[in-house]
Structure formats: C-alpha cells, structure tokens
Amino acid sequence: MLNAYIKTTEALKRLRTDKDGVVSFEYIIVAACIVAVVIAVFKTDTSISSALTTGIGKISAKMAGL
C-alpha cells in the first residue's frame with residue numbers, strides 16, 4: 001500500500017512540473033465539460049434525442065436492405 005502511495009505521489013509531482021502533462025490534464029477537463037453539456041442537452045431536450053433515434057432507425061433500415 002505504501003508503495004502505491006509513493007508511486008502516486010511521485011507521478012503527481014512529475015505532472016505538476018511537466019508542461020505536457022498540464023496540457024493533457026486541461027484537455028481532460030474540457031472533454032468532461034463537453035460530456036456534461038451533451039448529457040444535459042439530451043436529458044432536457046427530447047426533440048434532439050427523438051431526431052437522432054429516427055435518423056438511426058432510417059439508416060439501419062437502409063443498411064438492412066443492402
């Protein structure tokens with residue numbers, strides 16, 4: 001357990017000093033925000049969800065006919 005703690009601590013120290021790590025961490029934050037917005041839109045606006053369901057249904061029907 002102590003070994004895992006030491007490895008985690010060292011990784012966080014390297015992440016703090018590494019500029020590339022900071023950029024990748026910022027991308028993770030941005031991606032999480034985008035996912036949260038998309039989830040919020042699909043939960044509150046059923047017209048988008050039904051339009052996508054209808055479109056996917058039509059595509060599936062066309063693909064089944066091939």
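Given the conditions (1) open to solvent by less than 90 Å² (accessible area, probe 1.4 Å); (2) of a type outside the set (Ser, Thr, Tyr); (3) farther than 30 Å from Leu12 by Cα, which single one is not true for Lys62?
The one condition Lys62 does not meet is (1).
Can you pull out every residue in segment 43-59 that is at pLDDT below 80 and open to solvent by less than 80 Å² (accessible area, probe 1.4 Å)?
Within segment 43-59, the subset at pLDDT below 80 is 43-49.
Those that are at pLDDT below 80 and open to solvent by less than 80 Å² (accessible area, probe 1.4 Å): Asp45, Ser47, Ile48, Ser49.
The values are calculated or read from the model by the stated rules, or taken from the named source; none is laboratory data. Just so we're clear, the structure is a prediction, and the values are computed from it rather than from any experiment. To get the accessible areas, we keep the full protein, side chains included, count just its heavy atoms, and leave off ligands, DNA and RNA. Shrake-Rupley method; radii C 1.70, N 1.55, O 1.52, S 1.80 Å.
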